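Take a look at the structure below.
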Amino acid sequence: MVGSVGAFFSLYLATLVLLTGSGLFNTFIGLRLSEQSVSEVWIGGLIAAYYFGLVVGARAGHRLIIGVGHIRAYAASAAMLTVCILAQILVDNMWLWLGLRFLAGAAMVTQYMGIESWLNEQTDNEKRGVVFAFYMLMSSLGTVLGQVVLTLFPELDYKPLVFVAICSVFSLVPIALTRRMSPALQVPAPINARYYLERVPMSMVVLFVSGMITGSFYGLAPVYGVRIGLGNDEAALFVAVSVAAGVLAQWPVGWLADRFNRVVLIRINAVTLTVLAIPLWGWLDIPFQVLLGLGAAIGVLQFTLYPLGTALANDNVDPERRVGLSAILYIMYGLGACIGPLMVGVLMNTVSSALFYVFVAACSVSLVLVVRPQKVTGQHLSPDAPTEFVPMPESSVAAVLDPRVDISSDISHDPVIEEDGPELDEFTPPEPDAALNGETAAESTPPPK
């Protein structure tokens with residue numbers, strides 16, 4: 001294990017530094033604009049523009065890596081990201097900031113793809129789980145460190161932005177000096193999206209809602225904290241505790257997900273999240289220590305929705321099509337992360353800042369209504385289900401991250417032909433009582449011998 005982790009030390013260090021700057025910036029921008037009485041709609045819009053850049057820029061970033069290689073693509077993206085950050089010191093035009101955040105998202109997605117595909121290409125299948133678990137740890141630790149570092153800046157002036165720019169540039173050093181050879185990256189093939197949308201619709205909903213909650217959290221949870229009377233350092237600590245709790249919960253929740261019905265676990269998660277969000281609706285005077293405890297508990301729930309939904313989807317997709325599944329799930333998550341901040345920003349601006357956690361509760365209620373064990377049939381249960389739970393970093397964008405995937409034999413781009421039916425283009429929807437035909441909980445139907 002030590003050897004596997006040490007072999008990619010330079011990539012892990014770059015990830016840690018990059019995410020420290022990114023984590024600090026997302027909280028800083030909400031606090032800074034809130035201090036300047038900027039509308040929550042603009043704050044949510046900036047977060048949405050960033051996630052939109054992540055989704056849209058993935059394809060362009062992939063082509064850039066193919067064209068010039070991992071190191072050059074990473075260096076160019078880091079330079080672009082630094083320019084976008086420093087430009088926000090020079091100008092205050094919010095429309096220009098939207099464009100800068102979009103470009104920053106496109107640049108960062110290229111950096112993520114470079115690191116993640118590098119790890120994937122040069123890791124043996126039996127070691128890939130350990131390698132990516134440590135990568136997830138570094139990315140999450142960077143996000144937490146960003147909140148801690150922000151508390152060292154008592155004034156929300158330009159200095160935090162300079163620090164973020166320093167992190168962006170410094171992340172270049174371990175990448176530029178690494179002795180590892182850059183891997184080759186294949187051209188991505190078209191993916192049959194309809195196959196996944198009809199096979200695992202319940203998981204798509206889980207990933208979309210997870211994106212709405214998490215995307216809103218990074219930008220608007222600090223604003224919520226300030227609006228209820230927290231100081232800037234306390235709001236940053238609130239975010240840090242929530243993220244740290246979500247990271248630490250990945251492995252215990254993974255242990256449960258490998259042993260119990262995954263649909264039931266997602267439903268329990270959603271019900272508990274709804275209950276815990278109610279005290280944060282602004283009608284109670286909550287001590288700061290209690291607020292941190294609630295934030296930690298909610299962090300556990302919101303940051304485990306993504307991997308639970310991913311594990312459920314993998315249970316119901318053929319192993320040779322899971323590369324395409326990873327890409328589709330990320331797109332659904334990214335779309336949710338674009339829409340969520342905009343919706344929350346409008347609600348907080350027009351009604352009350354307390355509506356942030358009303359929105360969280362509404363999202364979790366929607367999962368309670370949609371994710372129900374009686375709606376699954378086990379018709380398309382994968383032969384290797386229940387698949388092993390794999391913690392995933394929130395920054396994940398590569399379509400080949402899942403350690404269970406063998407990309408050399410993946411057929412995500414091939415036509416889908418049912419064993420006893422027509423191709424997918426002529427697929428006949430199931431009866432109404434089995435509308436969510438594809439998905440199943442881990443224990444709904446035992447896997448074939």
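Here are the numbers for this structure:
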{"item": "Packing-based ranking, highest mean first, of 295-301, 65-71 given that Cβ atoms within 10 Å are counted", "result": "295-301, 65-71"}
{"item": "Residue-by-residue Karplus 3J(HN,Hα) for region 44-60, coefficients 6.51, -1.76, 1.60, Hz, glycine and proline x", "result": "x, x, 5, 5, 5, 4, 5, 5, 5, x, 4, 6, 5, x, 4, 5, 5"}
{"item": "Equivalent ellipsoid semi-axes, region 206-267, via Cα gyration tensor eigenvalues times 5, rooted, Å", "result": "29, 14, 8"}
{"item": "Table column - 3J(HN,Hα) (Hz), region 198-204, Karplus curve with 6.51, -1.76, 1.60, x for Gly and Pro", "result": "8, 7, 10, x, 5, 5, 4"}
{"item": "Other-chain or far-sequence residues with amide H under 5 Å of VAL317's (modelled H)", "result": "SER382"}
{"item": "With every protein chain in place, region 4-116: carbon and sulfur % of accessible area (1.4 Å)", "result": "70"}
{"item": "Potential lengthening between VAL130 and VAL351 on full extension [0.36 nm per residue; Cα-Cα distance subtracted]", "result": "75.0 nm"}
{"item": "Theoretical FRET efficiency, 1/(1+(r/R0)^6), r = Cβ-Cβ of ARG194 and ARG259, R0 25 Å, to 0.05", "result": "0.15"}
{"item": "Surface accessible to a 1.4 Å probe, per residue, for the residues of region 221-337, Å²", "result": "34"}
{"item": "Region 195-342: Cα Rg divided by the 2.2 N^0.38 Å rule of thumb", "result": "1.11"}
{"item": "With every protein chain in place, region 207-326: carbon and sulfur % of accessible area (1.4 Å)", "result": "70"}
{"item": "Integer Hz, Karplus 6.51/-1.76/1.60 couplings in order for region 354-370, x for Gly and Pro", "result": "5, 6, 4, 7, 5, 4, 4, 5, 5, 5, 5, 5, 4, 5, 4, 6, 8"}
{"item": "Listed residues ARG194, ARG199 arranged by accessible area, highest first, probe 1.4 Å", "result": "ARG194, ARG199"}
{"item": "Spin-label model distance (nm) - ILE66 vs GLU155, 7 Å beyond Cα toward Cβ", "result": "5.0"}
{"item": "R0 of 56 Å, Cβ-Cβ distance ASP92-ARG372: FRET efficiency to nearest 0.05", "result": "0.70"}
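The values are calculated or read from the model by the stated rules, or taken from the named source; none is laboratory data. If you're wondering where the values come from, they're calculated on a predicted model, not measured in any experiment. Glycine gets a Cβ as well: all are built from the backbone with ideal geometry, and neighbour counts include every protein chain shown. Ligands, DNA and RNA are excluded from the accessible area calculation, which covers all protein heavy atoms including side chains. Shrake-Rupley method; radii C 1.70, N 1.55, O 1.52, S 1.80 Å.
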